[in-house]
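Student: Pasting a structure here, questions to come.
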Amino acid sequence: MNKENAIHTVVTLEYPLKTPTGEVRQISFRRGKAKDVARAQRMEPNDPARRELALMSILTQERLTLEDMEELDLADLAEVQMAFQGLFIRPGRKDAVADEGVAGAVVPVSAIGN
């Protein structure tokens, strides 16, 4: 479950994280900046999946590490990713996959040639 406001997004974890500083039951993301993306790129230049986790960790109010993010339960990770991706969509705008979105209508294409 996540809650949003103008400053940050909060996700409540179904399976809390155990970190060296204690148990984490919620993850709060602050709004990101271009420099955060650049920092994540420097941290993980060759692995896009780890780069996304690095950027998520950079934006957490709880100051989680990349290693902490790697310990997320997969169900919680799915919720965290949805909330994280929501940080990149302006309020009132459709996302690229809902309805016709900014990418246009989805057109089915046969995998078998004629």
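The values are calculated or read from the model by the stated rules, or taken from the named source; none is laboratory data. The structure presented is a predicted model; accordingly, all values stated were derived computationally and were not measured. All Cβ positions, even for glycine, are placed from backbone atoms using ideal geometry, and neighbour counts span all protein chains on display. Calculation scope for accessible area: heavy atoms of the full protein, side chains included, ligands and nucleic acids excluded. Shrake-Rupley method; radii C 1.70, N 1.55, O 1.52, S 1.80 Å.
Student: Quick test for you: out of E79, E67, pick the one residue that is surrounded by fewer than 16 Cβ atoms within 10 Å (Cβ to Cβ), under 17 Å from the mean Cα position of the chain (by Cα) and modelled with pLDDT of 90 or more.
Tutor: The match here is E67.
Student: Consider segment 34-64. How many of its residues are over 14 Å from the mean Cα position of the chain (by Cα) and either under 13 Å from V80 (Cα atoms) or assigned to a loop (DSSP other than H, G, I, E, B) (or both)?
Tutor: Here the count works out to 6.
Student: Would you call F84 of a type outside the set (D, E) and not in a loop (DSSP other than H, G, I, E, B)?
Tutor: In short, yes.
Matching residues to (1) touching a Lys or Arg at 6+ places or on another chain (Cβ under 9 Å); (2) open to solvent by less than 60 Å² (accessible area, probe 1.4 Å); (3) acidic (D, E):
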{"residue": "E23", "(1), (2), (3)": "no, no, yes"}
{"residue": "I27", "(1), (2), (3)": "no, yes, no"}
{"residue": "P45", "(1), (2), (3)": "yes, no, no"}
{"residue": "P48", "(1), (2), (3)": "no, no, no"}
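Student: Please pick out the residue among T60, T12 that is within 24 Å of R90 (Cα to Cα), among the hydroxyl-bearing types (S, T, Y), out of contact with any helix residue (DSSP H, G or I) (no Cβ under 7 Å at 6 or more places or on another chain) and surrounded by fewer than 18 Cβ atoms within 10 Å (Cβ to Cβ).
Tutor: Checking each option against the conditions leaves just T12.
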